[in-house]
1. Can you name every one of the helices (runs of 4 or more DSSP H) wholly within the stretch A:119-238 that holds 1 or more residues which are modelled with pLDDT of 90 or more and within 14 Å of chain B (Cβ to nearest Cβ)?
2. Just for the stretch B:209-221: of the residues that are touching a helix residue (DSSP H, G or I) at 6+ places or on another chain (Cβ under 7 Å) and farther than 18 Å from residue B:411 by Cβ, which one is surrounded by the fewest Cβ atoms within 10 Å (Cβ to Cβ)?
3. Looking at the stretch B:282-304, can you tell me whether even one residue there is at pLDDT 95 or above, over 27 Å from residue B:383 (Cβ atoms), not in a loop (DSSP other than H, G, I, E, B) and not charged (D, E, K, R)?
4. Across the stretch A:249-306, what is the number of residues that are of a type in the set (S, T, N, Q), away from chain B (no Cβ under 14 Å) and in a helix (DSSP H, G or I)?
5. Among the residues of the stretch A:47-64, count how many are in contact with a helix residue (DSSP H, G or I) (Cβ under 9 Å, 6 or more places away or on another chain), more than 12 Å from every other protein chain (Cβ to nearest Cβ) and of a type outside the set (Gly, Ala, Ser).
6. Before we move on, is residue A:236 of a type in the set (Ser, Thr, Tyr) and under 30 Å from residue B:387 (Cα atoms)?
7. Can you find a residue in the stretch B:132-149 that is β-branched (Val, Ile, Thr) and in contact with a helix residue (DSSP H, G or I) (Cβ under 7 Å, 6 or more places away or on another chain)?
8. Listed residues B:327, B:335; which is within 22 Å of the chain's Cα centre (by Cα), closer than 30 Å to residue B:280 by Cβ and part of a helix (DSSP H, G or I)?
Amino acid sequence: MATAAVATASRVRTEKAPGIKPRGWIGFLFIAPNLLGVIAFTLIPLISVVVLAFTDWNLVSGLGGITFNGIDNFVAIARDPGFWHAIGLTLVYVVVSVPLTVVLGLALGIALNRPLPGRAVLRAIFFLPYIVNVVAIGMTWLMLMNPKAGLVNQVLDAFGIQPGWFASSHWALPALIVMAIWGGVGYCSLIYLSALQDAPRQLYEAADIDGASAWAKFRVITWPSLLPTTIFLLVTLIIGASQGFGLIALITAGGPGDSTTTISYYMYQTGFQFYRFGYASAIGLVTFVGVLVLTLLTWRAQRGRALNE
Amino acid sequence: MRRKRFSRREVLAGLGAAGAAALVPGCGSGGGRSGALQVWGGVPAASGPGDVVKAFQAKFPQYAVDYTRFVNDDRGNLKLDTALQGGVDIDVYFTYSQGAMALRAGSGLAADLTDRVTNDPELKVFLDTEQPRSYIDNGKVKALATAREPFFVLFNEKLRQQAGVELPQAWTIDEFRSTAKRLTTDKTVGAYTVPDIARIALGPNYWYDGNRSNFGDPHFEQGFRVGREMIADGTAFPWTEVLARHLDAYQQNSFLTEEFHLWSTAPFNLRYLYDAKKYPHDFKVSFAPSPTVDGKDWNGGSYSNFIMINPKSPKFEAAWAFVKFWLTEGATPMLKGGKLPALGGVTDDQVITGMLGKEPDKYFDMDSFRRVVLEADPKLATDTRLTGFPEITLAVKQQRDLCWLGEKDPGVAIREVRRLADAAIARNERRP
């Protein structure tokens, strides 16, 4: 009797939603492991951060130790010189490293699009930094940039320059920017390369017939066709650079002084060294909003230009 | 054959069951509790704890013990904290940093051991507050030090004799500095760095003065200034090299390769000095006491490696038996990792064979070892006031680095430490 009732109900539901067949739900079983992963490791932490941003909590005191403190954390952030210092450093890091990475990636992409001997090998070599382990990259650069015995300073010595790199509060951030550019250029060039190969051949042929210069062809044909790719790269690189953490944790730990304490590292210190999880969550939330605004502005600016062209 | 069709409810039930199956084993208080006593520590089992556990099980066959090692860094301590908070089966655990100590003891993660300590004549020394060996939170004993880690200054005997420098048996910080100067050569810097002058002069809780920080005391600026001057005149290791090579964690390598001479360190680093196959070197090491400052002689070392019992442990009696065993008679195997037992209870021979390897005479000057490590009774400074401790630790490190890199004047650097420390103390004392 009950079975019959369930079967009837099932039929009724099917009739109400003809697009979804009952066995379509089996598909959810296939994505269940991934779905559970996303819920457990992304959605729940995300919601937790939003909730914790309005609390004073040190983790060790357990859930019972959570004290809601309204907007106190956000008021404290507004008055926290350490936060604004970290924001300033992050902006410098993003504003310098992202455009340079994109420009150099574009130049390299165009170069690799030409029929060079050993092109495939060169592409692989330039892409390598993107896939190499961050620890290996960090240790290698640490040796290369040793102020006394490093290869970089031995070369620069010929020009009378001896930067302190990671052992100088003036040079540590530039050193990290150099590493970020080195690590990102190969990736950008590969993305640009695939976009360049999709560029319409017939337009180049028409431009050749009209006697257009190389610069004119780049400005009128190549660049507009690369704009969607550029928007994609800018957005992903801005997000990535704003979250930059691994190399800082590995090489400088935010120092010397606080010269490389970017916002991600400041958040880490606040949460995992000082155990101020509520405050760290508020920093995370504010940073998220900031990166979102920056990304949207970039996206809108580039999209507007793409539409105009 | 007709294929079974799943209803939405069945699918949801399946998802729920799968989720529960995945999540339940990893959480919930009491989940996965075993019969054995669970002990978490930061020292690898092979460096002593494994043998302590064996000896305990031999004496108390009714108890089984599982020792789990966590790496004693930020991530390892976070793992321990979340495990304790999440109800993972941990009965006894170790705390190595004072910052973590205050947090754990103050957050209900440490059982009250006051009665046990008070009622046991062997353990009454843990109630001493002059040179504390325990952490007392609101009048309750929450943690007991298992190790004693006095600082001393190591000399490279070969280079010392070449330089014709006498091995000091008592000396001041100025004599330390002049000795470093005499030992500096083209190849070897006189000292790794200067001992903590403020600590020697002020003793425990030296960062605090009432409800403010104590960085207005001139010894802090003196420490920064002496360090900077020694680096500038080449008698202390260049701080650019220390940072660029991450030397703070690998000081022993530069000592063994004779890059620097005087090394102010503690017994845990002696393990690098008696194994010439693994850590090649061709010199003996001799010992001098820490220098004094203005007649004050606090040692830079402390009582440490605090053992604590999880208040949620259902095996408190077994846990206490283990703690007491470790403190009173079981810690001898820890000598191989350079951990002198907090309560003594070991013979000189056990210390020598435990800490200095199989051929102590080959690698160490035994007269000075006996004098400085076995016979001396230095005043150890263990901090028990810990308000804003991690924040102040970071502020001191950051400003010291800038000062010793030559980028900031010692006075300016100390004033910045003072500002940051005052803010950290005020902020933490406001918290509930």
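1. On the way: elements: A:119-131, A:134-144, A:151-156, A:172-197, A:201-210, A:214-217.
Because the criterion is at least 1 residues that are modelled with pLDDT of 90 or more and within 14 Å of chain B (Cβ to nearest Cβ), the helices (runs of 4 or more DSSP H) in the stretch A:119-238 that meet it are A:134-144, A:151-156, A:172-197.
2. Only one residue fits best here, namely B:211.
3. Yes - at least one qualifying residue is present in the stretch B:282-304.
4. First, pick out the residues of the stretch A:249-306 that are of a type in the set (S, T, N, Q): A:252, A:259-262, A:264, A:269-270, A:273, A:281, A:287, A:295, A:298, A:302.
Narrowing the set further to residues that are away from chain B (no Cβ under 14 Å) leaves A:262, A:264, A:281, A:287, A:295, A:298, A:302.
Now drop any that are not in a helix (DSSP H, G or I), which leaves A:264, A:281, A:287, A:295, A:298, A:302.
Number satisfying all stated conditions: 6.
5. Start the filter on the stretch A:47-64 by keeping residues that are in contact with a helix residue (DSSP H, G or I) (Cβ under 9 Å, 6 or more places away or on another chain), which leaves A:48-63.
Those left that are additionally more than 12 Å from every other protein chain (Cβ to nearest Cβ): A:48-54.
Add one more test, that the residue is of a type outside the set (Gly, Ala, Ser), and what stays is A:49-52, A:54.
Qualifying residue count for the region: 5.
6. On the way: of a type in the set (Ser, Thr, Tyr): yes; under 30 Å from residue B:387 (Cα atoms): no.
Spelling it out, it is not the case that residue A:236 is of a type in the set (Ser, Thr, Tyr) and under 30 Å from residue B:387 (Cα atoms).
7. Residues of the stretch B:132-149 that are β-branched (Val, Ile, Thr), as a first pass: B:136, B:141, B:146.
Of the ones still in play, those that are also in contact with a helix residue (DSSP H, G or I) (Cβ under 7 Å, 6 or more places away or on another chain) are B:141, B:146.
Yes; the residues of the stretch B:132-149 include at least one that is β-branched (Val, Ile, Thr) and in contact with a helix residue (DSSP H, G or I) (Cβ under 7 Å, 6 or more places away or on another chain).
8. Sole residue among the options that is within 22 Å of the chain's Cα centre (by Cα), closer than 30 Å to residue B:280 by Cβ and part of a helix (DSSP H, G or I): B:335.
The values are calculated or read from the model by the stated rules, or taken from the named source; none is laboratory data. Just so you know, these numbers come straight off a predicted model, no measurement behind them. Note: ideal-geometry Cβ built from the backbone for every residue, glycine included; neighbour counts use all protein chains shown.
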